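One structure is given below, encoded as structure tokens.
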Amino acid sequence: METMTGPLSSLKKCKDEHIRIKVWTRHSHDVRGYCIAFVTLFDKHWNLVLEDVTEVWTRPKRRKVLPVGLGIQQIAPDRKRLVPPPIEVIKKDKKTETCQRHVDQLLIRGEQISHIVVLIPSD
């Protein structure tokens, strides 16, 4: 891995020098959103492990409201539960909403990556 050339060498440079990157992710038919983060690990299949991740994506608006009580799950009070990071809706359109969340670590599979941009550090 020390004598890497091509695009993977620039990804290695970002990992070694702790430079932020912007990764656009995709779903089945379009671009889903993007993540801004630091690279922790990567492999030749472009699987990425990122840290200090800010994730922004769009999703369709929910049309129906759940009846009262159906959205809450009953759990035993003595069990500890892993709570996902809070999602903040930052923009609403007619049919979609743009969401954002901050995650400490994230694994992105290589086939879900559309493209990657190295963000120039501002000193």
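Overview of results
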item: Under-5 Å amide H pairs with Gly33, H placed in peptide plane, nonlocal only; result: Thr25
item: Theoretical gain in end-to-end length, Val89 to Ile19 [0.36 nm per residue, Cα-Cα removed]; result: 22.5 nm
item: Glu97, Glu55 arranged by Cβ crowding within 10 Å, fewest neighbours leading; result: Glu97, Glu55
item: Förster radius 30 Å - calculated FRET efficiency between Leu82 and Ser114, Cβ distance, rounded to 0.05; result: 0.55
item: Spatial extent of the stretch 11-63: Rg and Dmax, with the Cα atoms as the point set, Å; result: 13.1, 45
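Values quoted throughout were computed directly from the atomic coordinates according to the rules given, and no laboratory measurement underlies them. Keep in mind it's a predicted model, so treat the numbers as computed, not measured. Note: ideal-geometry Cβ built from the backbone for every residue, glycine included; neighbour counts use all protein chains shown.
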